[in-house]
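A.B. asks: Submitted below is the structure of interest, expressed as structure tokens.
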Amino acid sequence: MLSQKRNNPAADFIIVGQGLAGSVLALSLIKEGYSVSVINQPHLSSSSRIAAGIWNPIVFKRLTKSWLADDLIPELISFYEYWEKEFGISFINHRHIIKPFTEEQEKNLWLKKSHDPESENVFLDPVIYEDLQIDEHYTVKQYSKVLQAGNLDVSLFLDRTKNYFKENQNYLEEEFDFDHLKINENDIIYKELTAKNIIFCEGHLVSNNPYFNWVPMKPAKGETITIHSTKLKLKENIFNKGFFILPLGNDFFKIGATYEWNELNDVPTEKGKLELIKKLNSIITSPYKIISHEAGVRPAVTDRRPVVGKHPDIKNMYVFNGLGTKAVMLAPYFAKQLVNSIKYNLAIDVEVDPTRFIKKV
Ligand SMILES: Cc1cc2nc3c(=O)[nH]c(=O)nc-3n(C[C@H](O)[C@H](O)[C@H](O)COP(=O)(O)OP(=O)(O)OC[C@H]3O[C@@H](n4cnc5c(N)ncnc54)[C@H](O)[C@@H]3O)c2cc1C
């Protein structure tokens, strides 16, 4: 297994936050030969921990490819499969997303889009299928499938990644205290740690970061429930009908997710739970048991693009954030871009450059 180069106590990078962003970025740096020290207080934000981890290359509203899907999908598969091999465990599941059609119009749009040679949309299955039994009383009459989709078991990935950092003595579990940060011309000092650079990956809590609190976040709280049902027939594929049912195995299913832009905390609410139960009950009538109910805050930005790159004034300080609703897909591709910009001075996509917000004022 790859081990980190640590000939001296100074790391190349301090990474603050070990959600999906910090984990994927740290592993991407390590793979390129850099050393990292990760500082994380896991109880401040649960977004990654509770995420369903689904990747979906389609925007359902218009049945178009989601932004950069052709590039993101191969990169995400290569990244997670590489680390599955390194860690000797499996955390990604390749699945289809079942899209039921309730109206002829929906089906016709699907047929049009999936057969349109100009859009080259390899993610829409052009076949219309019939009669998929979801539970005893509900059979989907007509449906099709989103191809090349799937899900990452995010919690498992984060646990294994954290252990890997711990094995290499590069993990510090504490809240980052900005009063202890010293930025010099050629290094960064944080308490006992010295590093050449620092990268902030705090999710929506970047709003508390005095160096990046000008990034215009528009976070969205989301809730999920996990149920147990021996009657639900979905075993492999994800079901989506304005909400998702994700099979977790052994008759457990994750149901989600809600969107709420005001109460930005990780506290599950009765309102969120009822909304999910209502959606679920609109299609299944067989009994199920609610096992857990969770909430988190998606770190989305006003223009709904990630925020990846250097601080406008401090040359050894970076941010990796704004992964919004598509973190599993976006993180490997943009972590690679950031690493390539550091290692080979290659340009980062202007759409994700943090200074896009500075230029506007
Ligand atoms: C209900 C729900 C469902 C979702 N489903 C999906 C999905 O299916 N697919 C998908 O791709 N995305 C999904 N997402 C979005 C995805 O979870 C997020 O975009 C992603 O997890 C954000 O990762 P992050 O690392 O940027 O932030 P976070 O997950 O918030 O991680 C930040 C980490 O930094 C720590 N931290 C923060 N500040 C400090 C500090 N000062 N000191 C130390 N540590 C600190 C936090 O505690 C946390 O551990 C979902 C989100 C929600 C809420």
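A.B. asks: Ranking TRP214, TRP261 by Cβ neighbours within 10 Å, fewest first, what do you get?
C.D. replies: Fewest to most other Cβ atoms nearby, the residues stand as TRP261, TRP214.
A.B. asks: Can I ask one more? Using only the C-alpha atoms of region 1-148, find the volume of their convex hull and express it per residue in Å³. Could you put the intermediate results ahead of the total?
C.D. replies: Working: hull volume 24.1 nm³, N = 148.
Per-residue hull volume (Cα only) is 163 Å³.
A.B. asks: Just how far, in whole angstrom, is region 237-313 from region 41-92 if you go by their alpha carbon centroids?
C.D. replies: 15
A.B. asks: Give the angle, between 0 and 90 degrees and rounded to the nearest 10, that separates the Cα long axis of helix 104-115 from the longest principal axis of the Cα atoms of the chain.
C.D. replies: Relative to the chain, helix 104-115 is tipped by roughly 50 degrees.
A.B. asks: Check each of the trypsin sites (Lys or Arg not before Pro) in region 204-245 and keep only those in coil by DSSP with at most 12 other C-beta atoms within 10 angstrom; list them in order.
C.D. replies: Listed in order of number, the matching sites are LYS235.
A.B. asks: Follow-up. Restricting things to alpha carbons, tell me how big region 289-338 is in terms of Rg and Dmax, in Å.
C.D. replies: Rg, Dmax (Cα atoms, Å): 14.6, 53.
A.B. asks: Report the GluC sites (Glu not before Pro) located in region 156-253 that are in a DSSP loop and have at most 16 other Cβ atoms inside 10 Å of their Cβ, or state none. Walk me through the intermediate numbers first.
C.D. replies: Values: sites: GLU167, GLU173, GLU174, GLU175, GLU185, GLU192, GLU202, GLU223, GLU236; in loops: GLU173, GLU174, GLU175, GLU185, GLU192, GLU202, GLU236.
Sparse-neighbourhood loop GluC sites (Glu not before Pro): GLU173, GLU174, GLU175, GLU185, GLU192, GLU236.
A.B. asks: What does the charge dipole of region 222-361 about its Cα centre add up to, to the nearest 20 debye, if the Cβ of each Lys and Arg holds +1 and the Cβ of each Asp and Glu holds -1?
C.D. replies: Working: 21 positive and 14 negative charges, 70 e Å.
Computed charge dipole of region 222-361: roughly 340 debye.
A.B. asks: Same structure again: Set Lys and Arg Cβ to +1 and Asp and Glu Cβ to -1, take the dipole of region 1-147 about its Cα centre, and tell me which of HIS115, LEU76, ALA21 lies farthest positive.
C.D. replies: ALA21
A.B. asks: I need to check one value: relative contact order of region 227-298, counting alpha carbon pairs closer than 8 Å and at least 6 residues apart, in percent.
C.D. replies: Relative contact order for region 227-298 comes out at 37 percent.
A.B. asks: Turning to a different aspect of this structure: Can you give the Rg to Rh ratio for region 227-298, taking only C-alpha atoms and Rh from Kirkwood? If you can, show how the numbers build up before the last one.
C.D. replies: Numbers: Rg = 12.5 Å, Rh = 13.0 Å.
Result for region 227-298 is an Rg/Rh of 0.96.
A.B. asks: Taking N as the number of residues in the chain, what is its alpha-carbon radius of gyration divided by 2.2 N^0.38 Å? Provide the component values of the computation, followed by the final result.
C.D. replies: Values: Rg = 21.3 Å, N = 361, 2.2 N^0.38 = 20.6 Å.
Expressed relative to 2.2 N^0.38 Å, the Cα Rg reads 1.03.
A.B. asks: Have a look at the DSSP beta bridges in the chain and tell me what percent are antiparallel, nearest 5. Could you put the intermediate results ahead of the total?
C.D. replies: Working: 51 of 67 bridges.
Bridges in the chain are about 75 percent antiparallel.
A.B. asks: Among the listed pairs LYS113/LYS271; LYS99/LYS273; LYS231/LYS271; LYS107/LYS235; LYS218/LYS273; LYS113/LYS326, which have their C-alpha atoms separated by more than 30 angstrom in this model?
C.D. replies: Correct reply: LYS113/LYS271.
A.B. asks: Helix 327-344 sits at what angle to the longest principal axis of the chain, using alpha carbons and giving 0 to 90 degrees rounded to 10?
C.D. replies: 30
Every number here is computed from the coordinates shown, using simple stated rules; none is lab data. Everything numeric here is computed off the predicted structure, so don't read it as measured data. Cβ sites come from the backbone with ideal geometry, for glycine too, and all protein chains shown count toward neighbours.
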